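**Student:** Supplied in structure tokens, the structure appears directly below.
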Amino acid sequence: MDALEKLKALSKELELINAAVATMAWDQRTYMPPKSAGTRSEAIGYLSTIAFKKFISDETGEIIRELEKEDNFNRLDENEKAMVRIAKREYEKAKAIPPELFQKFTITASKSETVWEQAKKNNDFKSFQPYLEELLEMLREMAELYGYKENPYDALLDKYEPGITTRKLKKIIETLKAELIPFLREIIEQKGKTDPSILYGRFGKKAQEKLSIRALKAIGYDFEAGRLDETVHPFTISLGAGDVRVTTKYDPHFLQPSLYGTFHEGGHALYEQGLPEEFKYTPIYGAVSLGIHESQSRMMENMVARSYEFLKFFYPEIKKVFPKQFGRVSLDRFYRAINHVEPSLIRIEADEVTYNFHIMLRFELEEAMLNKSLEVKDLPRAWNEKIKEYLGIEPQNDAEGVLQDVHWANGMIGYFPSYMLGNLYAAQLFAKAEEEIPKLRKNIEKGNVAVLIEWLRENIHRHGKKYLPEELIKISTGEELNPEYFIRYIKEKYTKIYEI
Ligand code: CO
């Protein structure tokens, strides 16, 4: 067996273990009986460790070194070269952290999450503070081990969005703030032009489920290669090629979370379902980054499902399922309700105009904490100041402020920016799609979302992990990530809605 075959064999083995782990993880978060929790965690931990040890073995290093030899490397085609690049990148990342540090970090993060849950319940930041401090200390150590050019935070960012840097993010954020803070103020002055109250009421669970299934079908999700189930914190998970599952949650008093949550997760799922069969079991099978993944979900949720064109086609479906609630509600009123903008404290409930501000403040705070320009004990005060500055509101307590998300408790520093990048990539990609697909909006109006999905398959999905996110954006849109597309999208849409 030559080195490339060995790499593919290893990759297949890891993917098969991952498929088993993912199946157990999906079950854990949907149907698993509570008493199984202990055994399940152990089983998942055991299999994950086998896969991890296999991957960081000297043998893997040997295979990569062999493939990198000039004579060997030059004989590879473009996809195979990418396989070696990606395998090397991931191998070096995995090897960078000594197993003892990694284990200590995992244990601390798990304890920290438990403490955070209580702290959030009791509105008690002080009890959580030492855990966050300890996690940050370990992350600083890890950043040194991963290596970086300019800012230790870059090393952490790179885990989630390879290639992006603090410097680039700061520049993007500056542009977004300059344009969107004043624009948001204008929207707030037009309060009353949108009214979301029709989305609240009584919505039976069975009917919501029926609507979520129709929603997924409308955007082209393949039920032969997946399914829809209920959970507490919705997610999408791939159990391997041919099985990409979506979950959602049904709030009996509020329609928005299930319907738009389903469109969101459906966008993630379409990406996974569109990965190329030919990359299966190789290091380049998968999504390129969290940010690009999020762009697929945000495009489906916002640019498609919250558009007037799509609702022209889909709102009748909503009316059919909920005739009592929407029988007398006009499309125009529904469209305005579903695009209501209002600064709010909770990130996951934020509309598309205010959402990025929630991310900016988290990014600024976590970067400052990592670099010790902000002490953890001062975090709640700094949080409250920033949200006041950006959104003009203040939390009544830390539970709805600094303690609201699980990410920091979990040690996931550097993760938040991918949510914002997702919005920006989505706007840029959609603008390009509009340019290249004749009458895209007219097609969407007729329910033909397939033309857009085909475009995404061609320009994003079929490349798997072959490129870096920044390369992929350049190849698919002809230019680097440019926040102007998002600004333009927001201004065009909401100038009309709020008659500014
Ligand atoms: Co998402």
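The values are calculated or read from the model by the stated rules, or taken from the named source; none is laboratory data. All values reported here derive from a predicted model rather than from experimental measurement. Virtual Cβ from ideal backbone geometry, glycine too; neighbours counted across all protein chains shown. Each accessible area value is taken on the protein alone, full model and side chains, heavy atoms only, with ligands, DNA and RNA left out. Shrake-Rupley method; radii C 1.70, N 1.55, O 1.52, S 1.80 Å.
**Student:** Going by what's in this entry, would PHE486 be described as in contact with a Leu (Cβ under 6 Å, 6 or more places away or on another chain) and part of a helix (DSSP H, G or I)?
**Tutor:** On the way: in contact with a Leu (Cβ under 6 Å, 6 or more places away or on another chain): yes; part of a helix (DSSP H, G or I): yes.
Yes: the conditions hold for PHE486.
**Student:** If you scan the range 434-470, which residues turn out to be touching a residue at least 40 places away in the same chain (Cβ under 8 Å), over 18 Å from the mean Cα position of the chain (by Cα) and not in a loop (DSSP other than H, G, I, E, B)?
**Tutor:** If the condition is that a residue be touching a residue at least 40 places away in the same chain (Cβ under 8 Å), over 18 Å from the mean Cα position of the chain (by Cα) and not in a loop (DSSP other than H, G, I, E, B), then ARG441, LYS442, ILE444, GLU445, ALA450, LEU452, ILE453, ARG457, ARG462, HIS463 are the ones that fit.
**Student:** Regarding the range 398-419, can at least one residue be identified that is away from the ligand (no atom under 16 Å from the Cβ), surrounded by fewer than 21 Cβ atoms within 10 Å (Cβ to Cβ), in a loop (DSSP other than H, G, I, E, B) and of a type in the set (Val, Ile, Thr)?
**Tutor:** No: the range 398-419 contains no residue that is away from the ligand (no atom under 16 Å from the Cβ), surrounded by fewer than 21 Cβ atoms within 10 Å (Cβ to Cβ), in a loop (DSSP other than H, G, I, E, B) and of a type in the set (Val, Ile, Thr).
**Student:** Let me ask something additional. From the set of residues in the range 224-249 that are in a loop (DSSP other than H, G, I, E, B) and under 18 Å from GLU301 (Cα atoms), which is farthest from the ligand (Cβ to nearest atom)?
**Tutor:** LYS249
**Student:** For the list (1) farther than 30 Å from LEU403 by Cβ; (2) in contact with a helix residue (DSSP H, G or I) (Cβ under 7 Å, 6 or more places away or on another chain), I need the number of the one condition that ILE86 fails.
**Tutor:** (2)
**Student:** Got at least one residue in the range 166-179 being polar (S, T, N, Q), assigned by TED's automatic domain parsing to the domain that holds ASN356, without any contact (Cβ under 8 Å) to a residue 24 or more places away in the chain and crowded, with 16+ Cβ neighbours inside 10 Å?
**Tutor:** no
**Student:** Considering only residues that are over 23 Å from the mean Cα position of the chain (by Cα) and within 16 Å of ILE413 (Cα to Cα), which ones fall in the range 108-125?
**Tutor:** The answer is THR108, and nothing else.
**Student:** Please go through the range 196-221 and pick out each residue that is within 28 Å of the chain's Cα centre (by Cα), in a loop (DSSP other than H, G, I, E, B) and at negative phi.
**Tutor:** Of everything in the range 196-221, those that are within 28 Å of the chain's Cα centre (by Cα), in a loop (DSSP other than H, G, I, E, B) and at negative phi turn out to be PHE203, ILE219, TYR221.
**Student:** Continuing with this model, one more query. Within the range 51-64, is even one residue modelled with pLDDT under 95, of a type outside the set (D, E, K, R), open to solvent by 50 Å² or more (accessible area, probe 1.4 Å) and in contact with a helix residue (DSSP H, G or I) (Cβ under 8 Å, 6 or more places away or on another chain)?
**Tutor:** Scanning the range 51-64 turns up at least one residue that is modelled with pLDDT under 95, of a type outside the set (D, E, K, R), open to solvent by 50 Å² or more (accessible area, probe 1.4 Å) and in contact with a helix residue (DSSP H, G or I) (Cβ under 8 Å, 6 or more places away or on another chain).
**Student:** Right, something else. Which residues, counting only those in the range 95-107, are touching a residue at least 24 places away in the same chain (Cβ under 8 Å), over 26 Å from the mean Cα position of the chain (by Cα) and open to solvent by 60 Å² or more (accessible area, probe 1.4 Å)?
**Tutor:** Within the range 95-107, just LYS104 meets the criteria.
**Student:** Answer with yes or no whether ALA431 is of a type in the set (Gly, Ala, Ser), open to solvent by 10 Å² or more (accessible area, probe 1.4 Å), part of a helix (DSSP H, G or I) and under 27 Å from THR166 (Cβ atoms).
**Tutor:** yes
**Student:** Return yes when ASN151 is open to solvent by 70 Å² or more (accessible area, probe 1.4 Å), modelled with pLDDT of 95 or more and at negative phi and no when it is not.
**Tutor:** Considered against the rule, which asks whether it is open to solvent by 70 Å² or more (accessible area, probe 1.4 Å), modelled with pLDDT of 95 or more and at negative phi, ASN151 comes out as no.
**Student:** OK, next. For VAL341, work out the one condition from (1) away from the ligand (no atom under 15 Å from the Cβ); (2) surrounded by 21 or more Cβ atoms within 10 Å (Cβ to Cβ); (3) in a helix (DSSP H, G or I) it doesn't fulfil.
**Tutor:** (3)
**Student:** Okay, next question. Restricting to the range 376-397, what's the tally of residues that are touching an Asp or Glu at 6+ places or on another chain (Cβ under 8 Å), closer than 16 Å to GLN129 by Cβ and open to solvent by 50 Å² or more (accessible area, probe 1.4 Å)?
**Tutor:** 0
**Student:** Check every one of the helices (runs of 4 or more DSSP H) wholly within the range 251-329 and list those with 1 or more residues that are surrounded by fewer than 19 Cβ atoms within 10 Å (Cβ to Cβ), more than 15 Å from the ligand (Cβ to nearest atom) and in the same structural domain as LEU456 (by TED's automatic domain parsing).
**Tutor:** 256-273, 308-321, 323-326
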